[in-house]
Amino acid sequence: MTTSHLTNGNGNGNVNGNGHGHAAKDSSRYWIKPYVPNQGESFEDAKARFATLIRDEDVAHWHEHGYVIIERFLSPEEMEGINEGVHQHMPTSDEIARRELVFGGLMGTSSRNMKGSSAAAVRYDFPYDSDALNNLAMHPFLLAFAERLAETDDLALSLGHLGEYDQALHSDYSNNSLVIPQESKRWIDIPMIVYLTDVTPDLGPTYVVSQTHTEPRKLMEDGFRHHTRQDFPELYDVEVPALVPAGSVIIYSMRTFHRGSAMTADRGHRFVQFTGYHTANPEMDRFLVNADPRQRQIVGFPGVEHDYWKERGVVEAVGKRYPQMDMRPYGGGPPLASRAD
């Protein structure tokens with residue numbers, strides 16, 4: 001997995017595109033003055049400062065593989081405030097062990113707690129009772145990187161939450177988009193996971209699969225939202241874990257296949273901040289399948305004349321996502337169930 005250091009605090013940075021580390025030669029990659037709202041510097045000026053840290057090879061890696069990891073983009077000063085904010089919401093593993101009766105049933109404030117999954121039970125949604133966490137959700141480096149990828153500054157933060165669990169490989173589009181994400185930048189979503197604690201192999205690392213493996217197989221168009229180890233073992237053979245120090249971020253794509261993994265350590269914790277869009281649900285699927293095209297358009301589904309439908313393959317792909325939907329208004333065919341009869 002390619003990772004890119006801003007710094008590691010002792011001058012030994014690493015950009016291991018070939019798997020071999022070397023000393024950082026670009027001093028601009030070292031930590032710079034954090035942005036503090038309402039302290040004389042505008043957010044746009046801060047974003048311009050942080051944009052100078054973005055390397056062409058980081059962007060190229062994202063385009064080729066569907067993700068890039070930037071290690072330690074957060075400074076020690078920023079991490080100090082973030083850690084304080086995290087523990088306003090989250091107990092440590094030691095606190096849980098000492099006070100199981102108090103913390104054993106902790107569920108956070110999210111309405112999307114995962115029933116039956118202790119690893120996913122605690123989730124707190126943006127905005128937080130912490131200025132440091134709120135500022136992290138809109139960190140100038142993260143927004144600058146997203147703007148570089150999207151090639152526009154017309155972007156908006158949709159959500160952030162603290163919280164992950166053992167999953168099957170998936171891409172995030174089904175939780176964030178009503179249709180299939182295009183390769184075009186015109187309708188781009190850029191999810192990110194910021195790691196607020198060190199991630200080791202036994203502390204539930206995120207696993208990711210390069211798009212060099214998934215795109216040739218057209219997995220976005222196969223109708224599966226989740227690709228299990230049983231059905232797609234070859235994908236799990238090429239997945240790699242994000243083993244990173246605190247203050248790092250993985251920036252990926254809605255087309256990137258990844259998964260959260262189980263916590264296997266006897267004791268420990270891993271805190272992350274996600275950035276993304278709110279989750280669709282089965283009720284929304286039911287509505288979309290049975291709605292008129294104009295009704296779908298009102299909730300954000302592309303209208304029948306939208307340029308989205310002109311890109312090759314999207315009509316068929318969306319039809320596979322919603323096999324009971326009549327795709328004829330969009331240039332496709334009748335529901336797949338009808339075709340099978």
Problem - the range 129-150: number of residues that are over 12 Å from Ile190 (Cα atoms) and either acidic (Asp, Glu) or in contact with a Gly (Cβ under 7 Å, 6 or more places away or on another chain) (or both) - result: 6
Problem - Qualifying residues in the range 21-58 (those that are at pLDDT 90 or above, in a loop (DSSP other than H, G, I, E, B) and of a type in the set (D, E, K, R)) - the one surrounded by the most Cβ atoms within 10 Å (Cβ to Cβ) - result: Arg55
Handout entry: Filter result for His61 (touching a strand residue (DSSP E or B) at 6+ places or on another chain (Cβ under 6 Å), modelled with pLDDT of 90 or more and either in the same structural domain as Leu136 (by TED's automatic domain parsing) or not aromatic (Phe, Trp, Tyr) (or both))
Key = yes
Handout entry: Residues (under 18 Å from Glu221 (Cα atoms), over 25 Å from the mean Cα position of the chain (by Cα) and of a type in the set (Ser, Thr, Tyr)) located in the range 290-341
Key = Tyr330
Problem - helices (runs of 4 or more DSSP H) wholly inside the range 123-182 that include at least 3 residues being closer than 16 Å to Asn83 by Cα, modelled with pLDDT under 75 and under 15 Å from the mean Cα position of the chain (by Cα) - result: none
Practice task
Could you list, in sequence order, all residues of the range 192-210 that are under 21 Å from Ala317 (Cα atoms) and in a loop (DSSP other than H, G, I, E, B)?
Solution key: Ser210
Exercise for the section: Mind telling me which of the residues Pro201, Pro245 ends up being surrounded by fewer than 19 Cβ atoms within 10 Å (Cβ to Cβ), under 25 Å from Phe126 (Cα atoms) and assigned by TED's automatic domain parsing to the domain that holds Leu162? Expected result: Pro245
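The values are calculated or read from the model by the stated rules, or taken from the named source; none is laboratory data. As the structure is a prediction and not an experimental result, all values here were calculated from the model. Glycine also receives a Cβ, built like all others from the backbone with ideal geometry; neighbour counts cover every protein chain displayed.
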